[in-house]
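The values are calculated or read from the model by the stated rules, or taken from the named source; none is laboratory data. Note that the structure is a prediction, hence the values are computed from the model and not measured. Here Cβ is always computed from backbone atoms with ideal geometry, including for glycine, and neighbour counts include all displayed protein chains.
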Amino acid sequence: YVERYHEQVASVWDARTHHIAESIAVGFYPMALADQRLLDATSAWLDANSAAPSGLRRTVAENRDTVARALKAQERDA
């Protein structure tokens, strides 16, 4: 699902209003799968999509930052 999310998020963003697109980009982000693989995939998407709309990039970056915080918390709890 991680790959599918990153493959589809830009087309979903382009096909909807800002509010709906943002809700989908946040709501369908695979946060339940928060691990290093998701963090790396999201960072790679951001690196590869520098021309994506700024609102989409901000939303994806916020998702990535949430995963990074979750991983740090998991590391401290271990």
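Numbers below:
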read-out: Subset of region 46-63 that is outside any helix (DSSP H, G or I) and small (G, A, S) - its residue that is farthest from A73 (Cα to Cα); value: A51
read-out: Count of residues meeting criterion [touching a Leu at 6+ places or on another chain (Cβ under 9 Å) and within 22 Å of D14 (Cβ to Cβ)] in region 30-62; value: 6
read-out: A61 modelled with pLDDT of 95 or more, within 24 Å of S23 (Cβ to Cβ), hydrophobic (A, V, I, L, M, F, W, C) and more than 13 Å from the chain's Cα centre (by Cα); value: no
read-out: Members of region 6-15 that are more than 11 Å from A41 (Cα to Cα) and in contact with a helix residue (DSSP H, G or I) (Cβ under 6 Å, 6 or more places away or on another chain); value: V9, V12, W13
read-out: Check on E3, exposed (fewer than 15 other Cβ atoms within 10 Å of the Cβ), assigned to a helix (DSSP H, G or I) and touching a helix residue (DSSP H, G or I) at 6+ places or on another chain (Cβ under 9 Å); value: yes
read-out: Residue list for region 32-45, restricted to those being surrounded by 15 or more Cβ atoms within 10 Å (Cβ to Cβ) and part of a helix (DSSP H, G or I); value: L38, L39, A41, T42, S43, W45
